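> Can you keep this structure in mind? I'll have questions shortly.
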Amino acid sequence: MVDSAPQAVVKGMFAAWDKNDLDGVMAHYAEDVEIHGPAAMSVHGAAAAREMFGHLLGAYDSEGSEIVRQFVDGDYVITEWRDVTENNGPLVL
């Protein structure tokens, strides 16, 4: 079961990411998720998010995520993080 407190959701997602666990990552997202990332990366819906995260997890091995700081306002969480990774394959987005 996923803790629904906003900060716990983000921390749980990073823990799953660090384990290269796509199902664990997706357990933290709703069907109507919208993700906006760097370089105009944008996806809408869980299927698109799963595909994007699958590509990212396939292209990089995470050596650990570090949450630098978080801003929380109700259900909204903005997270600044660092991720040490090693490229192990092509990245297709």
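The values are calculated or read from the model by the stated rules, or taken from the named source; none is laboratory data. Treat the numbers as computed from the prediction; the structure is a model and nothing was measured. Cβ sites come from the backbone with ideal geometry, for glycine too, and all protein chains shown count toward neighbours. Only protein heavy atoms, including side chains, enter the accessible area calculation; ligands, DNA and RNA are left aside. Shrake-Rupley method; radii C 1.70, N 1.55, O 1.52, S 1.80 Å.
> Of all residues in the stretch 13-47, which are under 18 Å from Ala59 (Cβ atoms), at pLDDT 90 or above and part of a loop (DSSP other than H, G, I, E, B)?
Within the stretch 13-47, Lys19, Asn20, Asp21 qualify.
> Among the residues that make up the stretch 66-84, is at least one of them in a loop (DSSP other than H, G, I, E, B) and out of contact with any His (no Cβ under 9 Å at 6 or more places or on another chain)?
yes
> Here's something else I'd like to know. Could you please find all residues in the stretch 38-93 being under 15 Å from the mean Cα position of the chain (by Cα), open to solvent by less than 40 Å² (accessible area, probe 1.4 Å) and among the small types (Gly, Ala, Ser)?
Gly45, Ala46, Ala48, Ala49, Gly54, Ala59, Ser62, Gly64, Ser65
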